[in-house]
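What follows is a set of notes on a single structure, which appears directly below.
Computed from the coordinates by the stated procedures, all read-outs in this text should not be read as laboratory data. Because the structure is a prediction, the values reported are computed rather than measured. Every residue, glycine as well, gets a Cβ built from its backbone with ideal geometry; the counts of neighbours run over all protein chains shown.
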Amino acid sequence: MKTKTKVITIIGPTAVGKTKTGIELAKVLDGEVISGDSMQIYRGMDIGTAKVTKEEMEGIPHHLIDIKDPNETFSVAEFQALVTDLIEDITKRGKIPIIVGGTGLYIQSVLFDYNFSDTASNKQYREQMEKRISEEGIDAVYKELEKVDPDSARKIHPNNTRRVIRALEVYHETGLTLTEYQDKQLLESPYHYIIIGLTMERTLLYDRINKRVDQMIDQGLIAEVKKLYDANFRNCQSTQAIGYKEIYDYFDGRIPLEESIELLKRNSRRYAKRQLTWFRNKMNVSWFDMSSAVSSSEKFQEKIQEILSEIAGKLQLRAK
């Protein structure tokens, strides 16, 4: 029987400490980090995505960062293919692949080898929907999605036409909502994996999110978004990200700068809450409360030891 490849995944809400934890685990387990963040793939989007810096990497190789321009699209199927290849390559070199961050769907697509083939694919239907959108606008098609798959409609922004069409395509081909279709694919994983979930006391987490936004502003987030805005990157998948769409509204003259910053904080807090709810309801996660770990390096190292003990028990992996 073939031995399954071992994979570590670190998930959790924004500002909880995933980047730092991933690097620390990679140092002691001889691992390499695969970014699961679908926005850190974009060049020139550094501050708003809290992209890890060269100094923060501490010599640990990081993959899937700065691989696309902001006007390019990036799908979950593409993420799955890239990460699957990286896991194989990292493992062949005797290292441990550590996926850090990412949405639940992106992580599930890798860990459970989602089938993105022609099973629920219809090129003719997609082209028909694209034509309807060009002629009628997105609203009519989006209302159709709200009718047949309200759950997906709540999660997908109307401007994200590719995802709107995909959800309708799945329903058209299978009679299932996108959630139902994905849940059917949650079978046995091809990997021997562990999902490490980082959480934090809610008030502390929200305070960290607010302070992170203030820090982003101090680091030059407004100027970073202005470059994208001036380059006419509009209606792009990348600029729909939290941290960019709010500042775009300011540049469009819809809201004052102060309001866009407060909106960014609010949207970040709400996204963190949704992330936690999704992971707790959908995935088998080993949770670790990082509330005490932010107070001192000693407490952080104690938490790392707890996580390493869990990894040793589940994957029989120990510090080298």
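Only sites in a loop by DSSP and with at most 12 other Cβ atoms within 10 Å count here; which GluC sites (Glu not before Pro) in the range 1-102 make the cut?
In loop regions of the range 1-102 (DSSP not H, G, I, E or B), the sparsely surrounded GluC sites (Glu not before Pro) are Glu58.
Charges at C-beta only: +1 for Lys and Arg, -1 for Asp and Glu. How large is the resulting dipole of the range 171-304 about its Cα centre, in Debye rounded to 20?
160 debye
State the extension gain, in nm to one decimal, for the chain segment bounded by Ile222 and Glu201, taking 0.36 nm per residue of separation less the distance between their alpha-carbons.
Separation in residues times 0.36 nm, less the Cα-Cα distance, equals 4.6 nm.
Order of Arg270, Arg166 from fewest to most other C-beta atoms within 10 Å?
In increasing order of surrounding Cβ atoms, one gets Arg270, Arg166.
Can you compute the helix-only [θ] at 222 nm over the chain? Use -39500 (n - 2.57) per DSSP H run of at least 4 residues, normalise by all residues, nearest 500 deg cm²/dmol.
Taken over the chain, the calculation gives -17000 deg cm²/dmol.
Match the structure shown to one of the listed values (i) 60, 53, 32; (ii) 49, 41, 40; (iii) 57, 48, 37 of Cα extents along the principal axes in Å, computed from it, and give that label.
Of the labelled values, this structure produces (i).
Based on Cβ point charges of +1 for Lys and Arg and -1 for Asp and Glu, what charge dipole magnitude is obtained for the chain about its Cα centre, in debye rounded to the nearest 20?
Dipole magnitude for the chain comes out near 600 debye.
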